[in-house]
1. Looking only at region B:74-88, which residues are under 15 Å from B:Ser5 (Cβ atoms) and outside any strand (DSSP E or B)?
2. Taking region B:74-109 as the region of interest, how many residues are open to solvent by 50 Å² or more (accessible area, probe 1.4 Å), more than 8 Å from chain A (Cβ to nearest Cβ) and on the phi < 0 side of the Ramachandran plot?
3. In region B:25-42, which residue that is under 11 Å from the mean Cα position of the chain (by Cα) and closer than 18 Å to A:Lys108 by Cβ is farthest from the other protein chains (Cβ to nearest Cβ)?
4. Pick out the one residue from A:Ser28, A:Ser69, A:Ser51 that is farther than 26 Å from B:Leu39 by Cα, free of Cβ contacts under 8 Å to residues at least 24 places away in the same chain, more than 10 Å from chain B (Cβ to nearest Cβ) and hydroxyl-bearing (Ser, Thr, Tyr).
5. Among what's in region A:1-38 and is polar (S, T, N, Q) and either closer than 17 Å to A:Gln81 by Cβ or assigned to a strand (DSSP E or B) (or both), pick the residue that is least open to solvent (accessible area, probe 1.4 Å).
6. Can you name every residue in region B:89-104 that is over 11 Å from the mean Cα position of the chain (by Cα) and either assigned to a strand (DSSP E or B) or modelled with pLDDT of 95 or more (or both)?
7. For a quick check of your reading of the model, give me the residue pairs whose first member lies in region B:7-34 and is among the polar types (S, T, N, Q), whose second is modelled with pLDDT of 95 or more, with beta-carbon atoms closer than 6 Å and at least 6 apart or on different chains.
8. In this structure, is A:Ser69 in a loop (DSSP other than H, G, I, E, B), under 30 Å from B:Leu60 (Cα atoms) and hydroxyl-bearing (Ser, Thr, Tyr)?
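The values are calculated or read from the model by the stated rules, or taken from the named source; none is laboratory data. Predicted, not measured: the structure shown is a model, and the values here were computed from it. Note that we place each Cβ from the backbone using ideal geometry, even for glycine, and neighbour counts take in every protein chain shown. These area figures cover heavy atoms from the full protein model, side chains too; ligands, DNA and RNA do not enter into them. Shrake-Rupley method; radii C 1.70, N 1.55, O 1.52, S 1.80 Å.
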Amino acid sequence: DQQVKQNSPSLSVQEGRISILNCDYTNSMFDYFLWYKKYPAEGPTFLISISSIKDKNEDGRFTVFLNKSAKHLSLHIVPSQPGDSAVYFCAASAGYSGGGADGLTFGKGTHLIIQP
Amino acid sequence: DTGVSQDPRHKITKRGQNVTFRCDPISEHNRLYWYRQTLGQGPEFLTYFQNEAQLEKSRLLSDRFSAERPKGSFSTLEIQRTEQGDSAMYLCASSPGWNTQYFGPGTRLTVL
């Protein structure tokens, strides 16, 4: 049973517009959420994170929103740039409760394609 | 901060052979994680060290998989008697605490 779900395998967005990537989770113990970006043949690169005590975190062009009641988070990229084309992974951790010992649980990823 | 490094980047082996991968974490990160990623999937957690102690290993895929971090610095992941199903990207990550993990470039294993 997938505890972290990214239901859109791919997303195409025009350069300069907003990209919105979505993620749902089922495990109520998750209290820390992260987004990673991955290029082919490279390891995931950390983008932005959010603790369950917040509902929004912003870093430059990247904003993550968390809706705990809906067990949903989203990553907004504004404006989208060609270099943003990559696979984006949502990940979750039961950090405070689990001490990080369970590692991160990842979704299957969304391939974001920025069209010129 | 030179980032997490992994060696080798690529490994091709024949079925039945043993392979060992090395991970050097970001210095001063006391937590080290191993993951496996197969095509079309997100990384899958395998095991975790805090300093030299392996605090979680129940998620290792079989008893053919083992990991060590003898001095609390670099770590090795060994797969004995490799099978074709072991072909995947093996990722290492390190963390200074319980939250954000920083990943290395991975080792791509191909078992023929």
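1. We begin by selecting, within region B:74-88, every residue under 15 Å from B:Ser5 (Cβ atoms); these are B:74-77.
Passing the criteria: only B:Phe74.
2. The number of residues fulfilling the criteria is 7.
3. Ranking the candidates gives B:Arg36 first.
4. So the residue among A:Ser28, A:Ser69, A:Ser51 that is farther than 26 Å from B:Leu39 by Cα, free of Cβ contacts under 8 Å to residues at least 24 places away in the same chain, more than 10 Å from chain B (Cβ to nearest Cβ) and hydroxyl-bearing (Ser, Thr, Tyr) is A:Ser69.
5. A:Ser19
6. If the condition is that a residue be over 11 Å from the mean Cα position of the chain (by Cα) and either assigned to a strand (DSSP E or B) or modelled with pLDDT of 95 or more (or both), then B:Ser95, B:Tyr102 are the ones that fit.
7. B:Thr13/B:Val19; B:Thr13/B:Thr82; B:Thr13/B:Val111; B:Gln17/B:Thr82; B:Asn18/B:Gln80; B:Thr20/B:Thr76; B:Thr20/B:Glu78
8. Here the answer is no, as A:Ser69 does not meet what is asked.
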